[in-house]
1. To the nearest whole percent, what portion of all C-alpha pairs in segment 1-51 is separated by more than 12 angstrom?
2. Could you check the simple spin-label distance between residue 17 and residue 29, using points 7 Å along Cα→Cβ, in nm with one decimal?
3. Can you order the peptides 31-43, 5-17 by their average number of other Cβ atoms within 10 Å per residue, highest first?
């Protein structure tokens, strides 16, 4: 099983507003991935989802059964 490469890009502007972008996560699991940020940073005022949010997560496990 390979490890996922998840990248969080966090930006703080000159007024102290914080925004972040998640890369490497498909589907709605990105909100679970960043839940700790939401809780630590306070009120979320806006969410913009990338195309990856609307895709299905990829299952990297494959099972093969051979019959004779």
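1. Cα-Cα pairs of segment 1-51 separated by over 12 Å account for 68 percent.
2. 3.1 nm
3. The peptides rank, most packed first, as 31-43, 5-17.
Throughout, read-outs are computed from the coordinates displayed, never taken from laboratory work. The structure displayed is predicted, hence computed values, not measured ones. Cβ coordinates were reconstructed from backbone atoms using ideal geometry, including for glycine residues, and neighbour counts include every protein chain displayed.
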